[in-house]
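Presented below is the structure to which this report refers.
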Amino acid sequence: MTIQTRSTQPFSDQKPGTSGLRKKVSVFQQANYLENFVQSIFDSIEITPNAVLTLGGDGRYYNKTAIQIIIKMAAANGFARVLVGQNGILSTPAASHIIRKYKSLGGIILSASHNPAGPTEDFGIKYNTPNGGPAPEKITEAIFEKSKTIAQYKIASFSDVDIEKMGVTHLENFTVEVIDPVTDYADLMASMFDFAAIKTLLQSRFQLKFDAMYAVTGPYAKEILVNRLGAPQSCLMNCEVSETFGGGHPDPNLIYAHDLVQALYATKAVDFGAASDGDGDRNMILGNGFFVTPSDSLAVIAANATLIPAYKQGLAGVARSMPTSSAVDRVAKKLNIPCYETPTGWKFFGNLMDAGAVTLCGEESFGTGSNHVREKDGLWAVLCWLNIIAAKKMSVEEIVNNHWLEYGRNAYMRHDYEAVPTEIANGVMAHVKAQFATLPNQKFGKYAVKIVDDFSYTDPIDGSVSTGQGVRILFEGGSRIVFRLSGTGTEGATVRQYFEAIYDIGDPVDTLEEIANLIEIAEEICELKQRSGRTAPTVIT
Ligand code: VG1
Ligand code: CO
């Protein structure tokens, strides 16, 4: 095998965001763009003899091209072995599991998650560490620094490896092993859940629909739900992986998962619905005509975790990202376990899970997971719900209503304004921050501002500090508004506004009115609509 060292020049925009580097496909297609980033990753880690790299992605356009380049660069940079999912497929949680199970030095996941796919859409690349989780900021910053001064990269020349067939290819001392992307993950799920009880449930009159949104979870859902749990094939919706995700937007929410929403709201026939995103780490849970907010889903799973075999000993602790509602905090309080509040992005949960401080984690953005891997996990969340339903013999709606009766309720909403011109978005955030001195004690109708800050987090395990993680406006009584700029968009800036109102047990509940009040106050404070000329958010969840 010949190894070439090729000259290159830095690109200025290779800063990883919330979840890796995400750009339009055309950006990645520029000569040396992908190569520069991959070399910057390899230059930021120590590649030991016998090092194994796990490699795979969500199946989107450009995945296969990128995989061939990365295999050749891994060979040139001293990896001994690359494990690649057949056809380049690995869902994000499955990749995390493979990294852990086969003791990889790390993994490269090719995904832009829920962003649309295709030649004119998005591509992404993310590096995960040996614990299976997204690289922490210390490493992503090192990668970015390397990318700014890169002058050359190393690549081996051999013909493309056939990734359609499972098996091993030897190239001198370097091996490429094409693995089944599904089996290891399905085995892990079978070891954690009461498959017998779920099987009985799915073979009763209980009807399930799962929508893979033409993205990576299709084959996983087929193996787990149909082959192993005996659900009928007809429960699968949009389960063929396509390079363009069927031209859709594989973001499991009430707007984009319309086929599923239709199935759950149009008739009484279907009891349970779930959808997952492009790379399989997000989930949306629906009962018949009933939407479970991701924050409530986390709280319900935490409250009922001991019904699931993997958690029957109880939870060490829980964690949620700052904008996520505090529904899970109430559960933690009752269970008398710690509850951590971290910045947005799964990379902040890794240290807590590695240290054994938390078992379950979640985000408001349809992400829930546990310490079985180091990524959020869409199908895992679906199985949690099915296991809980099988054990409690109640509908989704009954489970959630009972939960609110027992713990109180958090009303929650998120507004996203996508593709806002960057200067306007930055202006909005600056305008909010300029009011930090005057906002405390200010009153908006019945809402008195208590605390205003820009969230900063000190990792309790390694002491690292992350600042500027989102502006929080906390009101007396516990309601709050959060403003953040997204770190995953690829066009202009995405401004996110989060609204939360708290109801204690016995409080009269009018979630719509409370949230509407907070939405108005938010505009008064941030002037986003006024400054951008927008009249409504792009997405409401
Ligand atoms: C969004 C979500 C965040 C999530 C991230 C990655 O980030 O808000 O909760 O962790 O996407 O999810 P941002 O910076 O755009 O708000 V995924 O499914 O893309 O890996
Ligand atoms: Co995702």
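For beta carbons closer than 6 Å, sequence separation of 6+ or different chains, a first residue in the stretch 103-114 that is more than 11 Å from Gly85 (Cβ to Cβ) and among the polar types (S, T, N, Q) and a second that is within 9 Å of ligand 2 (Cβ to nearest atom) and assigned to a loop (DSSP other than H, G, I, E, B), the qualifying pairs are Ser111/Asp58; Ser111/Asp279; Ser113/Asp277; Ser113/Gly278; Ser113/Asp279.
Residues in the stretch 255-285 that are free of Cβ contacts under 8 Å to residues at least 60 places away in the same chain and not in a loop (DSSP other than H, G, I, E, B): 9 in all. Among the residues making up the stretch 253-287, a single one is within 16 Å of ligand 2 (Cβ to nearest atom), within 21 Å of Ser234 (Cβ to Cβ) and modelled with pLDDT under 95: Ala257.
Matching residues to (1) within 12 Å of ligand 1 (Cβ to nearest atom); (2) of a type outside the set (Gly, Ala, Ser); (3) closer than 17 Å to Ser297 by Cα; (4) touching a residue at least 12 places away in the same chain (Cβ under 8 Å):
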| residue | (1), (2), (3), (4) |
| --- | --- |
| Gly345 | yes, no, no, yes |
| Phe348 | yes, yes, no, yes |
| Asn351 | no, yes, no, yes |
| Gly356 | no, no, no, yes |
| Thr359 | no, yes, yes, yes |
| Glu364 | yes, yes, yes, yes |
| Gly369 | yes, no, yes, yes |
| Arg374 | no, yes, no, yes |
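Scanning the stretch 181-231 for residues that are over 28 Å from Ser111 (Cβ atoms), open to solvent by 40 Å² or more (accessible area, probe 1.4 Å) and modelled with pLDDT of 95 or more turns up Asp194, Ala196, Lys199, Thr200, Gln207. For Tyr185, the stated conditions hold: it is aromatic (Phe, Trp, Tyr), outside any strand (DSSP E or B) and within 16 Å of ligand 2 (Cβ to nearest atom).
Might you let me know whether the stretch 43-55 holds any residue that is assigned by TED's automatic domain parsing to the domain that holds Ser96 and within 24 Å of Gly489 (Cβ to Cβ)? No, that holds for no residue.
Counting only strands (runs of 3 or more DSSP E) that sit wholly inside the stretch 24-138, those with at least 1 residues that are under 25 Å from Glu172 (Cβ atoms) and more than 16 Å from ligand 1 (Cβ to nearest atom) are 52-57, 81-89, 106-110.
The residues listed here are Ala327, Ala319; of these, the one that is crowded, with 22+ Cβ neighbours inside 10 Å, under 18 Å from Gly478 (Cβ atoms) and touching a strand residue (DSSP E or B) at 6+ places or on another chain (Cβ under 8 Å) is Ala327. Of all residues in the stretch 87-103, those satisfying the criterion of being among the polar types (S, T, N, Q) and either closer than 13 Å to Asp184 by Cα or buried (at least 24 other Cβ atoms within 10 Å of the Cβ) (or both) are Ser91, Thr92, Ser96.
Figure legend. Inter-residue proximity from the stretch 518-531: first residues outside any helix (DSSP H, G or I), second residues surrounded by fewer than 17 Cβ atoms within 10 Å (Cβ to Cβ), beta-carbon distance below 7 Å, spacing 6+ or different chains. Indicated pairs: Glu527/His431.
The values are calculated or read from the model by the stated rules, or taken from the named source; none is laboratory data. On a predicted model such as this, the values are computed, not experimentally measured, just so you know. Reconstructed Cβ throughout: ideal geometry from the backbone, glycine too, with neighbour counts over all protein chains shown. In case anyone asks, the SASA skips ligands and DNA or RNA and just uses the protein heavy atoms, side chains included. Shrake-Rupley method; radii C 1.70, N 1.55, O 1.52, S 1.80 Å.
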